[in-house]
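Below: one structure, written as C-alpha cells.
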Amino acid sequence: MLCDPSPDDHYTLGVSMTNSANVSALEQECGSLFTELAALQNKIRVKLSDYADGKTLKGNELVGWLGEIYGKLLMDGTLVHDREEHDFVCANGWRVSVKTRKGLGTGWQRTSAIPKLDGQHCPTHLLFVHLRDDYSIDRIWRFPWADLVAKERFKSHNVRGAHRSFIFTLDEKKDKAYVVYGKDGNPSVQPTRSGRPPRAAYRKR
C-alpha cells in the first residue's frame, strides 16, 4: 500500500531528496586529478599498444592489459583476438589464458569467470598474474590446464542454483612450484614440455 507524502517529508512531490551541492563539490575537487589520471591512462594505453600485436586494448582495464602483455612477453607469445578462449599463443602451440588480480583485497586469489573447461579451442595453460597496489608484479604462476581439470581445481560458480561458469582459486603454499616469475620463481628451474615444474621443484627447500 502506497502512502501519500506528508507535509513533513523533506522532498517535493516527484523529486526525491538529494544533495547535489555535495556531489558537485567533490566532483570539482577531484576534477583536475581525474583529468591527470585520464591523460596518464591514455599514455599507458599508447605505450602498451606497442606490445599488443595489433590487438585493440578495449575499455579502461589497465590491470587486464598489463597481465596479458606481461604474460605474452614472459612466454614470447602473440596476443589473439578477444573472441578466442585464450589470450595469447606461443610458438610451441600453447594457448594461454591470463587471469590478473591486483592488491591483497578479499578474493584476490580467485579468477574471474571461466566459461568452459574443455573443447578443441580451450586453453592449454592458465597464467595467473598478481600485481601489487602500485601495479608492479608480485608473482606469476603458470598451470597446465589439463592438470587443473584433473585435480578439480576449477569449481562451479552457481547463480540462483544454476551453473554459470567456473572459478579457479590460487593456493599460495600449494602452488609455489608453479611460480615462473617473482619472489618464489627460480629461473634455473626449467619446466617440462607440458609446462609442469620438474619433480625436483616440488622438494622442500
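Add +1 for every Lys or Arg and -1 for every Asp or Glu among the other residues with Cβ under 10 Å from the Cβ of ARG110, and state the total.
+3
For the ranges 49-58, 19-28, what's the packing order if you count other beta-carbon atoms within 10 Å of each residue, average per peptide, and put the highest first?
49-58, 19-28
So which of LYS102/LYS176; LYS43/LYS155; LYS47/LYS173; LYS43/LYS173; LYS58/LYS151 end up more than 30 Å apart by C-alpha?
Beyond 30 Å between Cα atoms: LYS43/LYS155; LYS47/LYS173; LYS43/LYS173; LYS58/LYS151.
Assuming 1.567 mPa s and 4 °C, estimate D for the stretch 62-202 with Stokes-Einstein, Rh taken as the Kirkwood radius over Cα pairs, in µm²/s.
Rounded to a whole number, D works out at 84 µm²/s.
Tally Lys/Arg at +1 and Asp/Glu at -1 over every other residue whose Cβ is under 14 Å from the Cβ of THR169; what's the total?
Local charge sum for THR169: +4.
Bear in mind that the values in this text are calculations on the coordinates, not laboratory data. None of the values given here were measured: they were computed from a predicted structure. When we count neighbours, we look across all protein chains shown, and the Cβ atoms used for this are built from the backbone with ideal geometry, even at glycine.
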